[in-house]
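Please read the structure below before turning to the comments.
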Amino acid sequence: MEIVIQHLTKTINKVTVLEDVNMKLCSGHIYGFQGENGSGKTMLLRAISGLLCATSGKIVIDGQVLGKDISFPPNLGIMLENPAFIDSYTGYDNLKLLASIRRKNPDIKQVLEQVGLAANDKRKYRKYSLGMKQRLGIACAIMENPDLLILDEPFNALDQTGQDKLAEILLKKKEEGCLILLTAHDKDVLERLSDELFLVSKGRFERKAKECLENASSNQ
Amino acid sequence: MNSVKTLDLYLFDIKNGFRENKIKIVIACVMFLFFANVTVKQCMLCQVEVGFWIYWTNILGGMPEYIKTETSTFELPVSWFLFYAYLYFLIGFYPITDLYNNGSHSLILSESRNKWMLSKFFWIVTMILFYFIIFTICLMINVFFIGEKDIALSQIITFYGLSPCIHSTEIIINYLVLPIITTIAMAVLQFVISIIWNAIYGYMLSVIILVVSVYWMKPFLIGNYLIVLRSGMFATNGMISYMGFVFDMGIIIFMMILGCLLFRKKDILKIREKI
């Protein structure tokens, strides 16, 4: 998969949330986005996922213009900010219901265990802790082996074990050829996992020099 | 690539939509049983020999044209109004809940905004049919246990003194087909306003159409096609059913096309950002 973003600008209520964004993203890479709250990271992820329409510019995915040729990127796994599911269902039932849309029959039990949730847990989603909700959101995003994985602050509310598991999952997905877009508050985690890192400020995206990332990785 | 079928999305909506609305559906059943029970008992007290369709008319017939005079007071036909106002309340909020509250999962998994819209449209039609069916069942339960068990359509002609030339097809059209299609047209209007603007405004518009239609008997106020007692069958200057079909189909097609076009350009933000 190849995503080309050309002169993407988004204005909401006269406020420019994305300003002339240009980048090329390829399969088998993890791209990190680092910036303060409200800098435009989530807006870019929403735009790439097809939930936000560009004011000007375009996003081209494998030669198809998003919002024109296709509504959403094909085979997308996504978790944006706080995950949201049906309160009265268990984690397993929530994923099973969503999996029925594409009829891909993913191994939900295995995916739940992969993120550290018990597959036979009978607790309803509303009884889940913040960390469990986050894990379920990640499980939902990865369950159908997506080609494009978008995770907005996935490390939030996760304990150390959860963070290690997630890092392991992301590296494995990357090896399998998945294109991963990631934001995180933890600068070290982001620098360690990302192949390319973008610094985001006031809707502008600046690529961070690769040597900085390599230094960060070697220091770990 | 395995493309998402609208049918799979529709089945998802059926499961999810019924789960989301199960308490509202139970309340609807209680309301129908209450209306049916009161109507059947009232008819029994009046010692008139009636049957299923007369009970139906009492509940969903609405009222004849309101003519404003110095002495007249405008009163809404309560059971008719509650039946439709509650129906729009029942179907008006699930699409928005699915779009924002449940993480927009179904929209993204659908892979197409048009498929998502179409699936919700079929869900709305299904819910409307289901609503009419549970009303019929609740009324039948009352008729079976305490009412007159006559279900022949001819009772309408006899009881209301209508022309014997009226064919049963005309009765079915005015009693069932036209009200159901008009209900769908109004629901589609509400749905499009809900997703483009706000669910509360969509619902308020439906209620306003209902109230204004009761007050003014005009062909373009489509709520009039929901009022059986204003059909051409009952009143000489009554509503013309084929005009109702034209209006309804026009609204359904126009609003679905408009909805798809506007929804294609719609930003899906968080619900808190939306309201």
Residues meeting the amide H criterion for A:ARG204 (H placed from the backbone, H to H distance under 5 Å, 5 or more places apart or on another chain) are A:GLU19
Placing each pseudo-label 7 Å from Cα in the direction of the beta carbon, B:TRP197 and A:ASN82 end up separated by a distance in nanometres of 2.9 nm
Cα-based Rg/(2.2 N^0.38 Å) for region B:6-274, rounded to two decimals, is 1.07
Per GNM of chain B with C-alpha springs under 10 angstrom, the most fluctuating residue out of B:PHE74, B:PHE122, B:PHE18 is B:PHE74
For region B:91-165, the Cα gyration tensor yields equivalent-ellipsoid semi-axes (√(5λ), largest first, whole Å) of 43, 16, 9
Comparing B:LEU258, B:LEU129, B:LEU139 in a Gaussian network model of chain B (Cα, 10 Å), the one with the largest mean-square fluctuation is B:LEU258
Listed by chain and number, the lysines with an alpha carbon less than 27 angstrom from that of B:LYS218, same-chain partners under 8 positions apart left out, are B:LYS68
For region A:6-12, Karplus-derived ³J(HN,Hα) couplings (6.51, -1.76, 1.60; θ = phi - 60°; whole Hz; x for glycine and proline) come out as 10, 6, 6, 10, 9, 10, 10
GNM of chain A, Cα pairs under 10 angstrom: of A:TYR92, A:TYR128, A:TYR31, the biggest fluctuation goes to A:TYR128
The orientation-averaged projected area of the Cα convex hull of the protein assembly as shown, in nm², is 27.6 nm²
For B:ASP248 the rounded accessible area (nearest 10 Å², probe 1.4 Å, non-protein molecules ignored) is 0 Å²
Phi-derived 3J(HN,Hα) across region A:13-27 with the Karplus relation (6.51, -1.76, 1.60, θ = phi - 60°), rounded Hz, x for Gly and Pro, is 6, 6, 9, 7, 9, 9, 10, 6, 7, 10, 6, 10, 10, 10, 4
XL table A:LYS14/B:LYS265; A:LYS96/A:LYS172; A:LYS104/B:LYS24; Cα-Cα > 21 Å flagged, in table order, is A:LYS96/A:LYS172; A:LYS104/B:LYS24
With the 8 Å Cα cutoff and a minimum separation of six or more residues, region B:6-274 has a relative contact order in percent of 27 percent
Accessible-area order for A:GLU176, A:GLU196, largest to smallest, probe 1.4 angstrom, reads A:GLU176, A:GLU196
The answer for A:VAL65, listing residues at least 5 apart or on another chain whose modeled amide H is closer than 5 Å to its amide H, is A:ILE70
Measuring from the longest principal axis of the C-alpha atoms of chain A, the long axis of helix A:130-142 (C-alpha) lies at a number of degrees, nearest 10, equal to 70 degrees
Partner aspartates and glutamates whose C-alpha sits under 20 Å from that of B:LYS120, ignoring same-chain residues fewer than 8 away, are B:ASP8, B:ASP13, B:GLU20, B:ASP98, B:GLU111, B:ASP248, B:ASP267
Residue by residue through region A:158-171, the couplings from Karplus 6.51 cos²θ - 1.76 cosθ + 1.60 with θ = phi - 60°, in Hz, x for Gly and Pro, are 8, 7, 4, 4, x, 5, 5, 4, 5, 4, 4, 4, 5, 5
By the Cα gyration tensor axes a ≥ b ≥ c (a/c under 1.5 gives rounded; else a/b larger than b/c gives prolate, otherwise oblate), the shape of region A:95-168 is oblate
Between the alpha carbon centres of region B:162-199 and region B:40-84 the gap in Å comes to 19 Å
So the angle from the long Cα axis of helix B:199-215 to the longest Cα principal axis of chain B, reported in degrees to the nearest 10, equals 20 degrees
Heavy-atom accessible area with a 1.4 angstrom probe orders B:LYS120, B:LYS266, A:LYS124, most exposed first, as A:LYS124, B:LYS266, B:LYS120
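Calculate what fraction, in whole %, of the accessible area of the protein assembly as shown sits on carbon and sulfur atoms when a 1.4 Å probe is rolled over the protein chains.
With neighbouring chains kept in place, the figure for the protein assembly as shown is 58 percent.
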The set of residues whose placed amide H lies less than 5 Å from the amide H of A:THR90, leaving out same-chain residues fewer than 5 positions away, is A:TYR125
Mean per-residue count of partner chain Cβ within 10 Å for B:109-122 equals 3
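The values are calculated or read from the model by the stated rules, or taken from the named source; none is laboratory data. Please read all numbers here as calculations on a predicted model, not as lab measurements. Heads up, the Cβs are rebuilt from the backbone with ideal geometry, glycines too, and the neighbour counts pull from every protein chain shown. The protein model used for the area step is the full one, side chains on, heavy atoms only, and it has no ligands, DNA or RNA in it. Shrake-Rupley method; radii C 1.70, N 1.55, O 1.52, S 1.80 Å.
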